[in-house]
Amino acid sequence: MGVYAFAFIAFSIDLARRSSAAGAAQGDGQLAAESGSSVTAAGGTTTLTRISTRIANDAATPYGRSASLRVGVSLTVLAWALHLAATVLRGIAAERVPWANMYEFAMIGTLLIMTVFLIVLTRADLRFLGTFVTGLVLILLGIAALRYYVEVAPLPPALQSVWLVIHVFVASLGTGFFALGFALSTVQLLQFRRESLMAEDRVTRLRFVATLPSSATLENLAYRVNIIGFILWTFTLMAGSVWAEQAWGRYWGWDTKEVWTFIIWVVYAGYIHARATRGWRGSRSAWLAIIGFSAVLFNFGIVNVFFKGLHSYSGL
């Protein structure tokens, strides 16, 4: 958590630098406007275009080589390695897979969130999400360490199955993709608001958003990531039913955990369907993705702990 915290600080410094660049560009634009800058008869460049060009250049050139950004990624990789070692050692100590209670769920879940984030970084430059992802992981690990830590204990009889390895791991992996989609959708909403304000010749206080990809680009990225998470969650729902039949003699019993797992599936199915409908693109689809991930957090953090049922052992 200490290394993740330093990575969070490094990523936050990068966002501050982006805000400074955007603020400087806006300042140049205001000075130009005050001096009477306008479009020339031959088709010259408007003040708004010059501002956008400078911001784009600042985002593309210095931030790709930003020292704070490189430090943030390096610290994140180091923290991930320590996180992986801690999870493996927990499994060795327990002589089983390390995801049988809330503390271990949090460990493996946050580990897979960071794993998905680092893997995606090799395919797309989403380092600007570092503050959001490391911040989320820090909060979840902190809650787990302070509230849910338990000593290593044997597995309850219902968990002594190969489906524990398959079902819970795939659910945690799906959660990792949903978390990344949640971060992208959050930034998409900020960008969508900035673009709306720009259309009205107004500015937003969150100036760093001007250096990030467009809301349409962020929406497409979130959609792709959430589709992968939805596929994994579909398998989670199916595998859970098979395991329930082996453990309790029925595929479905309207247990609270089962119901909320299905609710999450329905929300993301609705998100994918709505995203495919032109009228539900933009901020509406982003809000559906955020609601879906909120349901995931509710499922793991509230249902596991405060609701009684056949899955109550997961709140230990």
Fill in the blank from the handout: By residue number, the members of the range 214-229 that are free of Cβ contacts under 8 Å to residues at least 60 places away in the same chain and open to solvent by less than 40 Å² (accessible area, probe 1.4 Å) are LEU218, GLY229
Problem - Unmet requirement for ILE113, which otherwise passes all of (1) within 25 Å of LEU212 (Cα to Cα); (2) surrounded by fewer than 20 Cβ atoms within 10 Å (Cβ to Cβ) - result: (2)
Handout entry: Selected residue [modelled with pLDDT under 90, part of a helix (DSSP H, G or I) and open to solvent by less than 40 Å² (accessible area, probe 1.4 Å)] from LEU164, LEU184, LEU129, LEU138
Key = LEU164
Completion exercise
Going through the range 270-288 in order, the residues found to be more than 17 Å from ALA179 (Cα to Cα) and either open to solvent by 40 Å² or more (accessible area, probe 1.4 Å) or among the aliphatic types (A, V, I, L, M) (or both) are HIS273, ALA274, ALA276, THR277, ARG278, GLY279, TRP280, ARG281, ARG284
Practice task
Could you tell me which of the residues ILE119, ILE143, ILE108, ILE113 is within 21 Å of LEU69 (Cα to Cα), over 12 Å from the mean Cα position of the chain (by Cα) and not charged (D, E, K, R)?
Solution key: ILE119
Practice task
Could you check, for the range 235-251, whether at least one of its residues is under 18 Å from VAL120 (Cβ atoms) and outside any helix (DSSP H, G or I)?
Solution key: no
Practice task
Only residues in the range 93-116 that are over 11 Å from THR175 (Cβ atoms) count as the first member; pair them with residues that are charged (D, E, K, R), Cβ under 7 angstrom, at least 6 apart or cross-chain, and list the lot.
Solution key: PRO98/ARG90; PRO98/GLU104; GLU104/ARG90; MET107/ARG90
Exercise for the section: Could you check how many residues of the range 87-96 are open to solvent by 20 Å² or more (accessible area, probe 1.4 Å) and either within 17 Å of ILE166 (Cβ to Cβ) or at pLDDT 90 or above (or both)? Expected result: 6
Problem - Subset of the range 238-269 [of a type in the set (A, V, I, L, M) and buried (at least 18 other Cβ atoms within 10 Å of the Cβ)] - result: ALA244, ILE264, VAL267
Practice task
Would you point out the residue of the range 60-79, among those that are surrounded by fewer than 17 Cβ atoms within 10 Å (Cβ to Cβ), assigned to a helix (DSSP H, G or I) and modelled with pLDDT under 75, that is nearest to the chain's Cα centre (by Cα)?
Solution key: GLY64
Fill in the blank from the handout: Counting only residues in the range 194-221 that are aliphatic (A, V, I, L, M) and touching a Lys or Arg at 6+ places or on another chain (Cβ under 9 Å), the one modelled with the lowest pLDDT is identified as VAL203
Exercise for the section: Among the numbered conditions (1) part of a helix (DSSP H, G or I); (2) open to solvent by less than 30 Å² (accessible area, probe 1.4 Å), tell me where TRP99 comes up short. Expected result: (1)
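The values are calculated or read from the model by the stated rules, or taken from the named source; none is laboratory data. If you're wondering where the values come from, they're calculated on a predicted model, not measured in any experiment. Note: ideal-geometry Cβ built from the backbone for every residue, glycine included; neighbour counts use all protein chains shown. These accessible areas exclude ligands, DNA and RNA; they are computed on the full protein's heavy atoms, side chains included. Shrake-Rupley method; radii C 1.70, N 1.55, O 1.52, S 1.80 Å.
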